[in-house]
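FYI, it's all coordinate maths here, none of it is from the lab. Note that the structure is a prediction, hence the values are computed from the model and not measured. Because the Cβ atoms are built from the backbone with ideal geometry, glycine has one as well, and the counts that use them run over all protein chains shown.
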Amino acid sequence: MKLLFNNLLSKAIEKNATDIHFIPSEETIFIKFRIQDTLCPFETLQQHIYVKLLTYMKYQAGLDVSKHNAAQSGRYIHKLKHIYFLRISTLPLSLGIESCVIRIIPQYFQKPKPSNNINHLFKLMHKKQGLILFSGPTGSGKSTLMYQMVMYAKEHLDLNIITVEDPVEQLVSGITQVTINEKAGITYANSFKAILRCDPDIILIGEIRDAVIAKYVVQASLSGHLVLTTIHANNCKGALLRLIEMGVTYQELNQSLLSVLNQRLITTYKKERKLIYEQLSRKQINFFFENDLMLPESFHTLNYKLNKMTKEGVICEETMDKYL
């Protein structure tokens with residue numbers, strides 16, 4: 001089983017897959033690779049072989065191999081040519097067997113190819129305090145973009161950077177990274193209190209999940225720290241309204257926010273991955289709060305940018321509709 005598993009993983013990494021899916025049917029297990037946006041068929045396994053392979057994978061990830069009627073998730077470090085974090089998640093099905101998904105994450109953050117359309121974002125890292133908010137659906141590249149920005153600060157500005165994530169999935173040398181572990185009493189709330197005593201210049205928070213985290217994030221950004229974090233929202237306006245719903249006041253947002261981005265990773269006709277985003281500047285954020293939560297005319301939405309790319313022949317209309 002070890003040989004079979006290593007072979008599958010090698011093939012997935014070779015094809016730049018981010019996930020391996022094991023999808024059971026009545027007689028066969030379909031193996032598919034997530035490559036960019038597409039779930040690509042790879043091969044099939046007989047059910048009795050898959051059962052043995054699943055037991056091996058669950059054991060490696062520290063899961064209960066005797067439990068088959070409950071969802072489980074675990075992770076472990078796997079070494080091939082490089083070191084990878086593998087997150088293995090299982091789900092019981094009505095067929096009486098479990099499906100499984102393996103998320104493949106390089107242990108150390110690998111900077112994507114330089115992109116001209118994010119160079120101006122690096123200027124935000126020179127700010128002494130304030131909040132930079134990233135939004136968008138899962139898989140839109142929010143964490144990758146935040147990592148790129150803190151890497152720029154580490155390499156060019158010589159600042160003390162601390163991250164709080166749940167969990168830390170990619171390591172960045174020279175940056176202090178804290179993993180949330182609620183069972184061990186390491187929560188966002190007490191981590192905030194601890195890191196503020198460690199003289200950080202920049203704080204990266206994995207995600208604003210509730211009103212408590214929102215409060216800490218805003219307070220830190222108003223007290224002499226540059227804070228980067230994410231929130232799930234479909235657009236920039238939605239990100240601001242979510243924070244208001246969490247109890248953050250207009251005044252606090254007006255004072256703390258430097259920029260709000262909402263982004264997508266899209267696949268072009270040439271099968272290239274391209275980052276596009278809408279962005280509210282500080283001036284536009286001020287306009288928003290001073291004009292009954294209306295966006296200024298100068299603000300270009302994702303819809304506008306996707307339409308422009310469609311007209312230029314970079315993407316098709318079907319692709320545009322998928323990302324809106």
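Take the Cβ-Cβ distance between residue 30 and residue 222 as r, set R0 to 35 Å, and report the resulting FRET efficiency rounded to the nearest 0.05.
E(calc), rounded to 0.05, equals 0.10.
How much net charge surrounds residue 294 when only the other residues with a Cβ under 15 Å from the Cβ of residue 294 are counted, with Lys and Arg +1 and Asp and Glu -1?
Taking every other residue near residue 294 into account, the sum is -1.
For the stretch 153-169, in order, what is each residue's ³J(HN,Hα) by Karplus, 6.51 cos²θ - 1.76 cosθ + 1.60 with θ = phi - 60°, in whole Hz (x at glycine and Pro)?
With the stated coefficients, the stretch 153-169 comes to 5, 5, 7, 10, 10, 6, 10, 7, 10, 10, 10, 10, 9, 9, x, 6, 9 Hz.
Using alpha carbon centroids, what distance separates the stretch 80-96 and the stretch 23-52, in Å?
12
With 18 Å as the cut-off, how large is the P(r) tail for the stretch 2-106, expressed as percent of Cα-Cα pairs?
That tail contains 44 percent of the Cα-Cα pairs.
List the residues whose amide H sits under 5 Å from the amide H of residue 168, counting only those 5 or more places along or on another chain, with H placed 1.01 Å from N in the peptide plane.
Close amide H contacts, sequence-distant or interchain: 180.
Among [x] 0.99; [y] 0.94; [z] 1.11, find the value of Rg/Rh (Cα atoms, Kirkwood Rh) that was calculated from the structure presented, and write down its label.
Calculated Rg/Rh (Cα atoms, Kirkwood Rh): the matching label is [x].
Under the Karplus relation 6.51 cos²θ - 1.76 cosθ + 1.60, θ = phi - 60°, what is the ordered set of whole-Hz ³J(HN,Hα) values for the stretch 122-134, x standing for Gly and Pro?
Karplus values, whole Hz, x for Gly and Pro: 4, 4, 5, 6, 7, 5, 7, 7, x, 10, 10, 10, 10.
Can you tally the net charge around residue 21? Count Lys and Arg as +1, Asp and Glu as -1, for every other residue whose Cβ sits under 9 Å from the Cβ of residue 21.
Result for the neighbourhood of residue 21: +1.
In the stretch 1-104, what GluC sites (Glu not before Pro) fall in a loop by DSSP, with at most 14 other Cβ atoms inside 10 Å?
Passing sites in the stretch 1-104 are 26, 27.
Sort 38, 267, 18, 230 so that the residue with the fewest other Cβ atoms within 10 Å of its own Cβ comes first and the one with the most comes last.
38, 18, 267, 230
Using θ = phi - 60° and the Karplus relation 6.51 cos²θ - 1.76 cosθ + 1.60, list the HN-Hα couplings for the stretch 173-185 in order, rounded to whole Hz, with x at every Gly or Pro.
Result, ordered by residue: 5, x, 10, 7, 10, 10, 9, 5, 9, 5, 5, 8, x Hz.
Express in nm, to one decimal, how much length is gained between residue 55 and residue 38 on full extension, taking 0.36 nm for each residue of separation and deducting their alpha carbon distance.
Using 0.36 nm per residue and subtracting the Cα-Cα distance, I get 3.4 nm.
What are the residues whose amide H is under 5 Å from the amide H of residue 19, where those residues sit 5 or more places off or on another chain and H is modelled from the backbone?
Amide H neighbours of residue 19: 34, 104.
Can you put 180, 132 in order of Cβ neighbours within 10 angstrom, beginning with the fewest?
In increasing order of surrounding Cβ atoms, one gets 180, 132.
Can you pull out the trypsin sites (Lys or Arg not before Pro) in the stretch 134-215 that DSSP calls coil and that have at most 11 other Cβ atoms within 10 Å?
197
How big is the antiparallel share of DSSP beta bridges in the stretch 159-287, given as a percent to the nearest 5?
45
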